[in-house]
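Derivation of every value follows stated rules applied to the coordinates shown; laboratory data play no part. None of these values were measured; they are calculated from a predicted model. With ideal geometry, Cβ positions are generated from the backbone for all residues, glycine too; neighbour counts draw on all protein chains shown.
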2 protein chains.
Amino acid sequence: MRRLSWMNTRVERRQRTEARILAAARQLFGEHGYDRTTIRAIATAAGSDPGLVMRYFGSKEKLFAQAASIPADGPIKGSPEQIAEQLTAALTQKLTEEPAASLAALRAMFSHPEAAEEVRAAMTAQQRQIAEQLPGEDAVLRSGVIGALTLGLVIGRHLVRLDGLDASPGEVMTVAGPLIGELTNGTGRSADGRGQARHPS
Amino acid sequence: MRRLSWMNTRVERRQRTEARILAAARQLFGEHGYDRTTIRAIATAAGSDPGLVMRYFGSKEKLFAQAASIPADGPIKGSPEQIAEQLTAALTQKLTEEPAASLAALRAMFSHPEAAEEVRAAMTAQQRQIAEQLPGEDAVLRSGVIGALTLGLVIGRHLVRLDGLDASPGEVMTVAGPLIGELTNGTGRSADGRGQARHPS
DNA sequence: GTCTATAAAGTGATAGAC
DNA sequence: GTCTATCACTTTATAGAC
């Protein structure tokens with residue numbers, strides 16, 4: 001049994017180091033993009049060594065693939081009103097705390113084709129799903145605008161730090177929520193606009 | 001006079017080469033970002049030579065500064081309705097044909113800090129200008145959402161090629177126009193929504 | 001198992017030949 | 001004036017010392 005516990009601590013040590021490297025990779029990829037993040041910088045930030053990083057993850061590309069991922073939002077279903085509610089909730093969460101892995105993928109997508117594919121796949125999957133359930137001939141277009149609005153808000157807040165978007169998620173959603181309501185049911189009138197999102201106070 | 005005409009052709013030749021290099025730089029920076037665009041690739045695309053590129057522009061950084069720029073939209077002034085109209089027109093144009101220089105700056109901004117500053121400066125200048133003239137306590141926030149929507153639409157169409165955004169600019173504006181109208185006057189009701197933008201057919 | 005030393009390739013920039 | 005050859009440097013990735 002002594003051997004097992006010994007192996008355990010060693011395996012655990014290795015797993016902890018791997019996790020530290022992965023966390024450092026996520027942060028640096030998210031801050032500086034793919035090309036400007038070097039294996040050396042990741043190793044240093046993780047208190048480790050470039051050689052180990054390569055040994056654990058095989059290549060920079062594979063490390064990035066593990067570090068940057070877009071978690072698919074749960075399936076979105078129901079009436080336009082229900083869809084709007086689910087979209088609003090998902091967007092609120094993205095504004096509150098977008099995970100480092102997503103930010104890494106989002107930043108890298110503009111210079112790293114594989115990251116672009118990752119994000120595109122996640123976004124088009126959700127958009128298609130939404131478009132199928134929305135009324136109106138221009139459902140595909142409207143779900144595209146929903147995607148653009150979401151992308152703009154997330155990028156504007158977390159990556160570009162656009163003026164005015166540093167308000168609380170609740171405040172931002174007070175403005176953005178009604179737009180989503182409008183886009184889901186195809187008219188600016190029937191959803192009562194402003195009331196759709198909760199006020200922060 | 002013979003010398004003058006001789007100089008002219010030579011100066012012209014040089015200017016033409018410079019223009020070709022600049023055009024190639026814009027296109028490649030816009031397609032692959034700053035880091036992945038090499039001086040060598042630009043020179044080849046322009047049918048020229050890496051040494052000449054350096055000689056003409058001094059450095060890759062200076063070449064990028066000349067190639068990637070965000071033209072400031074004209075000053076935006078007037079009542080909320082007029083502002084909405086000007087914003088709609090500007091956005092329509094950005095959707096119709098965003099110049100290569102802007103696309104280069106937009107793509108590079110996520111990995112190249114100086115490009116980020118370029119875009120941020122242009123966007124915050126316009127947003128501040130708009131926020132000053134909009135009614136409501138949350139004018140700054142609303143102009144921020146306008147910026148995010150614009151950014152999302154331009155990026156979604158030209159850079160990410162989001163599903164559904166490949167419609168004609170007129171069709172896209174049929175959906176996005178009312179949102180801008182709603183954001184400028186602070187309510188989803190008073191602007192008549194859909195009627196704001198022209199239909200394509 | 002961990003890390004140092006180095007290899008191989010590609011970059012921006014420069015000097016100097018035509 | 002135009003372009004070739006090369007420098008100095010940095011990158012990922014590997015081989016081998018401890």
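What to note about this one:
- Acute angle (nearest 10 degrees) that the helix B:169-185 long axis makes with the longest principal axis of chain B, alpha-carbon atoms: 60
- 10 Å binning of all Cα-Cα separations within region B:1-120, expressed as whole percents from 0 upward: 13, 34, 26, 17, 8, 1, 0
- GNM top mover of B:GLN129, B:GLN15, B:GLN66 - chain B, alpha-carbon springs below 10 Å: B:GLN15
- Phi angles of region B:56-73 translate, via the Karplus equation with coefficients 6.51, -1.76, 1.60 and θ = phi - 60°, into HN-Hα couplings of 6, 10, x, 7, 4, 4, 5, 4, 4, 4, 6, 7, 10, 8, 9, x, 5, 5 Hz per residue; Gly and Pro are given as x.
- Among B:THR96, B:THR150, the ranking by other beta carbons within 10 Å of each residue's beta carbon, starting with the fewest, stands as B:THR96, B:THR150.
- For residues of B:36-44, the mean tally of beta carbons on other chains within 10 Å: 1
- Average other protein chain Cβ within 10 Å of Cβ, residues A:27-34: 2
- Highest-first arrangement of B:89-95, B:55-61, where packing means the average Cβ count within 10 Å: B:89-95, B:55-61
- When every Cα-Cα distance of region A:73-162 is counted in 5 angstrom steps from zero, the calculated P(r) takes the values 3, 13, 23, 26, 18, 11, 5, 1 percent.
- For the rotational copy pair A/B, the chain A residue whose Cβ lies nearest the symmetry axis, together with its distance in Å, is A:GLY152, 1.
- Working note: 222 nm ellipticity from helices only, DSSP H runs with n ≥ 4, each -39,500 (n - 2.57), summed and divided by the residues of chain A, gives -22000 deg cm²/dmol to the nearest 500.
- For chain B, the longest principal axis of the C-alpha atoms and the axis of helix B:139-154 are separated by about 50°.
- Projecting the Cα atoms of B:SER79, B:LEU63, B:GLN93 onto the charge dipole of region B:35-121 (Cβ charges, centred on the Cα centre) puts B:LEU63 farthest toward the positive pole.
- Projection of the Cα convex hull of the protein assembly as shown, averaged over all directions and equal to a quarter of that hull's surface, yields 26.5 nm².
- Relative to the 2.2 N^0.38 Å rule of thumb, region B:31-81 has a C-alpha radius of gyration ratio of 1.71.
- Label-reachable residues, region B:86-119, where backbone N falls under 14 Å from a point 7 Å from B:SER59's Cα toward its Cβ: B:113-115
- Kirkwood radius, region A:126-178, all distinct C-alpha pairs, inverse of mean reciprocal distance: 12.2 Å.
- Long pairs among A:LYS94/B:LYS94; A:LYS60/B:LYS94; A:LYS60/B:LYS60; A:LYS94/B:LYS62; A:LYS94/B:LYS60, criterion Cα-Cα beyond 29 Å: A:LYS60/B:LYS94; A:LYS94/B:LYS62; A:LYS94/B:LYS60
- Applying the Kirkwood pairwise sum to the alpha-carbon positions of chain A produces a hydrodynamic radius of 18.8 angstrom.
- Counting Cβ atoms of other protein chains within 10 Å of each Cβ in A:172-180 and taking the mean gives 5.
- Taken about its Cα centre, chain A carries a charge dipole of about 1260 debye when Lys and Arg each add +1 at the Cβ and Asp and Glu each add -1 at the Cβ.
- Farthest toward positive dipole pole in chain B [+1 Lys/Arg, -1 Asp/Glu at C-beta], among B:ALA115, B:ALA45, B:GLN133: B:ALA45
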